[in-house]
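Report on the following structure.
The values are calculated or read from the model by the stated rules, or taken from the named source; none is laboratory data. Since we're looking at a predicted model, the values are computed, not measured. As a convention, Cβ positions derive from the backbone with ideal geometry for all residues, glycine included, and neighbour counts pool all protein chains shown. Ligands, DNA and RNA are stripped out before the accessible areas are found, and what is left, the full protein with its side chains, is counted by its heavy atoms. Shrake-Rupley method; radii C 1.70, N 1.55, O 1.52, S 1.80 Å.
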Amino acid sequence: MSATRYRRFLKLCEEWPRDDTKKGRDLGTFLRQRVASAFREGENTQISDPEKCDQMYESLARINSNVYRQRFPRVRDTSFTGVTVEECRVLLSGSIQQMDDEKKGLWKKIMEKFSKSPEDAQEKAPEK
């Protein structure tokens, strides 16, 4: 029976979308890691609580198939702030941080380079 559960989780992992803009924060990647750690022995893994495993699978499958999005449709694709879905994606992708780094002036870059802690300076200093 655990072989069937394992195959169902593998199929769910294949169907679950992966968002490359959220490195280290993607739910699909996290799900794949959890399935790999839970089923270390593959189909031969012994599951301590089969009911909990089945319940978890059913919950994830409902999320993946958009059951709740269809059951509770939204009037508009914005939040209470008025930000659109695309604007949220841009904000959450981390590209804003990269843009801020690119906009730094020459003076700020120089100050960051030379304002390192004394421990860093001692580590880089050659020994005599």
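Worth pointing out:
- Being modelled with pLDDT under 90, among the β-branched types (Val, Ile, Thr) and open to solvent by 50 Å² or more (accessible area, probe 1.4 Å) holds for only one residue in Thr78, Thr45, Thr84, and it is Thr84.
- Checked against the criterion of being modelled with pLDDT under 90 and open to solvent by 90 Å² or more (accessible area, probe 1.4 Å), the candidates Gln97, Gln70 yield just one match: Gln97.
- Pairs with Cβ under 6 Å, 6+ apart, first in region 1-29 and touching a residue at least 24 places away in the same chain (Cβ under 8 Å) and under 11 Å from Asn64 (Cβ atoms), second aromatic (Phe, Trp, Tyr) and outside any helix (DSSP H, G or I): none
- When region 48-64 is filtered for residues that are β-branched (Val, Ile, Thr) and open to solvent by less than 40 Å² (accessible area, probe 1.4 Å), nothing remains.
- Within region 1-42, the residues that satisfy the criterion of being in a loop (DSSP other than H, G, I, E, B) and open to solvent by 50 Å² or more (accessible area, probe 1.4 Å) are Met1, Pro17, Arg18, Asp19, Asp20, Thr21, Lys22, Lys23, Gly24, Arg25, Arg40, Glu41.
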